Amino acid sequence: MANTLDDRIRARVEQFASELAELIRESAMETVSVALAGARPSPGRGGRRAAAPVAVARSAGRGRAASREKGAKRPPDEIERLTSRLLDYVKGNPGQRIEQIADGMGTSTKELNLPAKKLIAGKQLKTKGQKRATQYFSR
């Protein structure tokens, strides 16, 4: 019994290692193809390109549109739509933090950073607090 359990564990570990190696290979190929195309890839934290499988699974359903590649810029019209949605949401829900706003809008806080900055610079939003405790209000 113990021998078959050990064999099953070993098989699962080998399967995971092979899947991980394939993901790393794909990431390397993507980096090389971007470099050969003349564009510079924008590395994430610490210059790493490959994300851990858990992080990929967490972010799969939130934020980025399915038609855009990772690291690609958002089209201006998409940013404008998100900016107006953000302003409408804050008008209806004043005093919420960015995490609460993102949950309410069904998007990620990362996607809301630029629209929030644009609205604050345009004096359409005002803030109270600092860092993660920042609350947003419409003017």
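Whenever a residue of segment 15-26 is assigned to a helix (DSSP H, G or I), its partners that are among the hydrophobic types (A, V, I, L, M, F, W, C), lying with C-beta atoms within less than 8 angstrom and at least six residues away or across chains, give the pairs 23/50; 24/50. Residues in segment 101-116 that are over 13 Å from the mean Cα position of the chain (by Cα) and surrounded by 15 or more Cβ atoms within 10 Å (Cβ to Cβ): 101, 105, 115, 116. Of the residues examined, residue 90 is one that is under 30 Å from residue 135 (Cα atoms), among the hydrophobic types (A, V, I, L, M, F, W, C) and modelled with pLDDT of 90 or more. Residue check: is residue 37 at pLDDT below 90 and in contact with a helix residue (DSSP H, G or I) (Cβ under 9 Å, 6 or more places away or on another chain)? The answer is no for residue 37.
What are the pairs, 6+ residues apart or on separate chains, where a residue within segment 83-104 that is without any contact (Cβ under 8 Å) to a residue 40 or more places away in the chain has its Cβ under 9 Å from a residue that is part of a helix (DSSP H, G or I) and of a type in the set (Phe, Trp, Tyr)? Between residues of segment 83-104 that are without any contact (Cβ under 8 Å) to a residue 40 or more places away in the chain and residues that are part of a helix (DSSP H, G or I) and of a type in the set (Phe, Trp, Tyr), the close pairs are 101/89; 104/89.
Every residue in segment 114-133 that is under 28 Å from residue 70 (Cα atoms) and in contact (Cβ under 8 Å) with a residue 12 or more places away in the chain, please. Selection gives 114, 115, 116, 118, 119, 132.
Scanning segment 69-100 for residues that are surrounded by 17 or more Cβ atoms within 10 Å (Cβ to Cβ) and within 30 Å of residue 33 (Cβ to Cβ) turns up just one, 82.
The values are calculated or read from the model by the stated rules, or taken from the named source; none is laboratory data. The model shown is predicted, which means the values in this text are computed figures rather than measured ones. Every residue, glycine among them, receives a Cβ derived from its backbone with ideal geometry; neighbour counts consider all protein chains shown.
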